[in-house]
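> Take this structure first; my questions come after.
The values are calculated or read from the model by the stated rules, or taken from the named source; none is laboratory data. These figures come from a predicted structure and were not determined experimentally. Backbone-built Cβ (ideal geometry, glycine too); neighbour counts: all protein chains shown.
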Amino acid sequence: MNKVELLAPAGGYETMVGAFNAGADAIYLGGSKFGARAYADNFDRDQVLDAVSYAHLHGKKIYMTVNTLVKEREFGELYDFMLPYAEKNLDGVIVQDLGVMRFIRDEFPGIELHASTQQTVTGVYGARLLKELGCCRVVPARELSLEEMKAIREKADIEVEAFIHGAMCYCYSGACLFSSMVGTRSGNRGRCAQPCRLPYTSDVFSSKSKEEQYPLSLKDMCTIDMIPELIEAGIDSFKIEGRMKKPEYAAGVTALYRKYIDLYYAEPDKKHEVSKDDMEMLKSLYLRTGISSGYYHKHNGKEMVTISSPAYNGTKEEVLNKVKEQYLGKELKIKCDIFCKLKLSEKAELIMNVNRDGEFISKTVVGNEVQAASKRPMDEESAKKQLERLGNTPFEAESIEITIDDNNTGKGIFMPVSELNELRRKLCEEMEEELLRGYGKSASYNKNNTYGNNEPDDKRACEVGVSGKDTDVHVLVHTKAQLEALKDILVKIKYGDITEGRANTVSRVYLESDLLLNSDILAILKATAFSKVEVIAALPYVTREESFDGSCDISFMADGFDGTIDGLLVRNLEQLGLLKGKDYKKKVILDYGVYTWNAEAASLLSELKRSDESSFVSEIAVPYELTIHEASETVRKVKAQTGFPVSYNVYGHVPMMISAGCIKKTLDKCSGFFHENHHEKMLLTDRMGNKMPVTTNCRNCYNIIWNANPTALFNKMDDLYDKRLFDHFRIDLTVEDKETALDILRVGICSGDKEHRRSLMQRNQNRFTTGHYKRGVE
């Protein structure tokens, strides 16, 4: 049985050494760029290189986080950033951006690719897809149950790295835009401002919910008493959260998990209770008020939330001092045995043996010929005294065996102390080289940066545009009332009831897939108003395989409805992988959540093919967090390299959080419609008085927190048309009633009706936002 890897965080070099001293098998750290903890100390280039050498010398591993989304203009920096680490044989990178994943896979094939939890992998199909695209390890969403983790390991044949301790995000990682939309600090760029840790009030029916509470602040995870279960589930790597925490945290937490992991492997059939003292020590190391075992045995629950306060427990000075004394401020040492042979008239010989994880490594050095003593002979004690002097080396002698032989002359032997010291120094250097030599075999990378060298693509990117047709409009609806509003507008346009200005063609309607489970929706779609409109089913934001198998609904959408459905809007990698496995033949349109911040990401997606070798992906969407300048730059290159049609969102409440946690259940009680086609709406109010709509999806059991202010770019549409870059403009109707939907649709579809547009924008001047159109994220 391969032992599970214990993976600890390090925000700085001291933290790394302390965690290794405490028993970590590997460390994950961030470099000077592209890491999802921009405010941690992080490592500069030389520190990363030193860290890799240090780890490899001690039989450990270093994984670097390259786990932010990368803008098109930043991509040219990636090769030079990664090159020295590839040359040093960095063990792996943890990646969120699909473009970064493709780039490192192709340019640095010797470095392992680990899919970050920011990729929101929720099941077997997403994990299989990532393996197909080059990953050897996946960090699934923290929301998964232990059974779901186990299924990924068994069915996807990919390594699984799982969080076992530390802070928990309320939103599915990678799907959170909360910090980004209320400011400029994006969680996808490592700069989350943690609005989830702030107080809110709610209109949920409960007397307490009118008071300020912390319904989005999860307790910290602690699974030390679950170690046997986690190991037996087949998890390959246990990950401790905390790159922004102090060295005492990393070392102390690592030491305790190391203790109970080793106890399990020593006696797997014996139950090892976590001692009260050990649990108290964990609670003293920067844990929030209260702890939970996370989602491993529950889908959600108010017992997981720090409703009253998100504050950390106080830390005990004696605990910190104990950790410092045991693990910090000292270098990790390699245990060795040294043999010294000093025989008259033969060359002096030193041997060092190291047993590293069962691998026996030996190194021998030979010196000058041993002379007969003329005055004071060298004895074992004086020789041993010199050989013990290993203080500035990574070695520590467990035994030193010395053989002195003067061939029975009775004179003894002589060897200058300086020569013996030089032999010792040489032996240590050569053993270091031997221990590091194995890592040199895997170095593999392109010697020349190929990114940006494709001149035909660059030329096409400058020339690309939408030609031969006007940009049309797509509308997404969440409710029957919104669909009826769209039908009414289309009928009025058709029969000339709306004549002001130009009416754009509505060529597609997206229906939230739950809507299609209602039979009366199909009757509306058969109206003549929709006769020339594509119907696309928008899949759920989350697909899981728990007690309810969400993949069944996707299969139903893919195979049913007798031709009513023309394709699917795909919102995550799990859905993309599932449909790819089915060789789905209709349109596959990727929503903003399958991030294409750069052309490399689109190029990776273009590698996916159907059995007939046609492109599996049909279209992509511009992510919400790009400015119009960044979006234009990216779209030009995307079209040049892939030809994908691109849609651009001009209206909608941005989904800021998608969570397994349920605000209604936390502040009141569950609706009782578990896995039924049921939705509820509530409001969450922040300290500034902004009222954010919250909707439940009971069928797939998740919440969406929408931005309080919808993004509305109707005043920018003339400029957007002039760019001739975007194939489709998209209007997303989410929480709007029918009257509001009619108002929005009239302006969005009849863009030439400037008077109605002016009226709408004026009435909503304090409510509408332009989002990241100009502002962007850091």
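> Pairs please, first residue from region 555-583 and among the small types (Gly, Ala, Ser), second anywhere and part of a helix (DSSP H, G or I), Cβ atoms under 7 Å, 6+ apart in sequence or on different chains.
558/579; 558/582; 577/125; 577/126; 577/128; 577/129; 581/125
Rundown of residues vs (1) of a type in the set (Val, Ile, Thr); (2) part of a strand (DSSP E or B), yes/no style:
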| position | (1), (2) |
| --- | --- |
| 661 | no, no |
| 675 | no, no |
| 684 | no, yes |
| 719 | no, no |
| 736 | no, no |
| 740 | yes, no |
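> Another question about this same structure. Since residue 77 meets every condition but one in (1) in a helix (DSSP H, G or I); (2) closer than 30 Å to residue 228 by Cα; (3) at pLDDT below 95, which condition does it not meet?
Of (1) in a helix (DSSP H, G or I); (2) closer than 30 Å to residue 228 by Cα; (3) at pLDDT below 95, only one is false for residue 77: (2).
> Could you check how many residues of region 640-664 are polar (S, T, N, Q) and outside the structural domain of residue 600 (by TED's automatic domain parsing)?
Going through region 640-664, the residues polar (S, T, N, Q) turn out to be 641-642, 647, 649, 659.
Filter again for outside the structural domain of residue 600 (by TED's automatic domain parsing), leaving 659.
Matching residues across region 640-664 total 1.
> Could you say which residue among 341, 330, 324 is closer than 20 Å to residue 54 by Cβ and surrounded by 14 or more Cβ atoms within 10 Å (Cβ to Cβ)?
324
> OK, next. May I ask you to verify whether residue 215 is surrounded by 24 or more Cβ atoms within 10 Å (Cβ to Cβ) and in contact with a helix residue (DSSP H, G or I) (Cβ under 8 Å, 6 or more places away or on another chain)?
Spelling it out, residue 215 is indeed surrounded by 24 or more Cβ atoms within 10 Å (Cβ to Cβ) and in contact with a helix residue (DSSP H, G or I) (Cβ under 8 Å, 6 or more places away or on another chain).
> Working only within region 387-399, note down all residues that are under 12 Å from residue 340 (Cα atoms) and crowded, with 18+ Cβ neighbours inside 10 Å.
The answer is 387, and nothing else.
> Looking at residue 223 and the list (1) in contact with a Cys (Cβ under 7 Å, 6 or more places away or on another chain); (2) at pLDDT 95 or above, which single condition is not satisfied?
Here residue 223 meets the rest and fails (1).
> Residue 168 passes all but one of (1) modelled with pLDDT of 95 or more; (2) in contact with a Leu (Cβ under 9 Å, 6 or more places away or on another chain); (3) part of a loop (DSSP other than H, G, I, E, B); which number fails?
Result: residue 168 fails condition (1) only.
> A further question on this structure: Go through (1) farther than 17 Å from residue 327 by Cβ; (2) outside any helix (DSSP H, G or I) for residue 229 and report which single condition fails.
(2)
> If the requirement is being modelled with pLDDT of 95 or more and not assigned by TED's automatic domain parsing to the domain that holds residue 122, which of these qualifies: 587, 582?
Matching residue, one of 587, 582: 587.
> So residue 85 fits all but one of (1) closer than 22 Å to residue 449 by Cα; (2) assigned to a loop (DSSP other than H, G, I, E, B); what number is the exception?
Against the list (1) closer than 22 Å to residue 449 by Cα; (2) assigned to a loop (DSSP other than H, G, I, E, B), residue 85 comes up short only on (2).
> Which of the residues that make up region 124-165 are in a helix (DSSP H, G or I) and not aliphatic (A, V, I, L, M)?
If the condition is that a residue be in a helix (DSSP H, G or I) and not aliphatic (A, V, I, L, M), then 125, 126, 128, 131, 132, 147, 148, 150, 153, 154, 155 are the ones that fit.
> Here is a follow-up. Spot the failing condition for residue 357; the list is (1) modelled with pLDDT under 85; (2) farther than 30 Å from residue 661 by Cβ; (3) in the same structural domain as residue 247 (by TED's automatic domain parsing); (4) of a type outside the set (Ser, Thr, Tyr), and only one is missed.
(3)
> If you take the residues of region 413-457 that are hydroxyl-bearing (Ser, Thr, Tyr) and part of a helix (DSSP H, G or I), which of them is modelled with the lowest pLDDT?
442
> Taking the stated definitions as given, is residue 44 in the same structural domain as residue 260 (by TED's automatic domain parsing), free of Cβ contacts under 8 Å to residues at least 24 places away in the same chain, more than 26 Å from residue 257 (Cβ to Cβ) and of a type outside the set (Gly, Ala, Ser)?
Answer is yes for this residue.
> Restricting region 651-693 to residues that are out of contact with any Lys or Arg (no Cβ under 7 Å at 6 or more places or on another chain) and among the β-branched types (Val, Ile, Thr), which is surrounded by the fewest Cβ atoms within 10 Å (Cβ to Cβ)?
Of everything passing the filter in region 651-693, 654 is surrounded by the fewest Cβ atoms within 10 Å (Cβ to Cβ).
> So which residues in region 110-150 are surrounded by 20 or more Cβ atoms within 10 Å (Cβ to Cβ), of a type in the set (Gly, Ala, Ser) and touching a residue at least 60 places away in the same chain (Cβ under 8 Å)?
Answer for region 110-150, where residues must be surrounded by 20 or more Cβ atoms within 10 Å (Cβ to Cβ), of a type in the set (Gly, Ala, Ser) and touching a residue at least 60 places away in the same chain (Cβ under 8 Å): 116, 123, 126, 127.
So that you can scan it fast, the table gives a plain yes or no per residue for (1) buried (at least 20 other Cβ atoms within 10 Å of the Cβ); (2) in contact with a Gly (Cβ under 9 Å, 6 or more places away or on another chain); (3) part of a loop (DSSP other than H, G, I, E, B):
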residue	(1), (2), (3)
473	yes, yes, no
476	yes, yes, no
486	yes, no, no
489	yes, no, no
497	no, no, yes
511	yes, no, no
514	yes, no, no
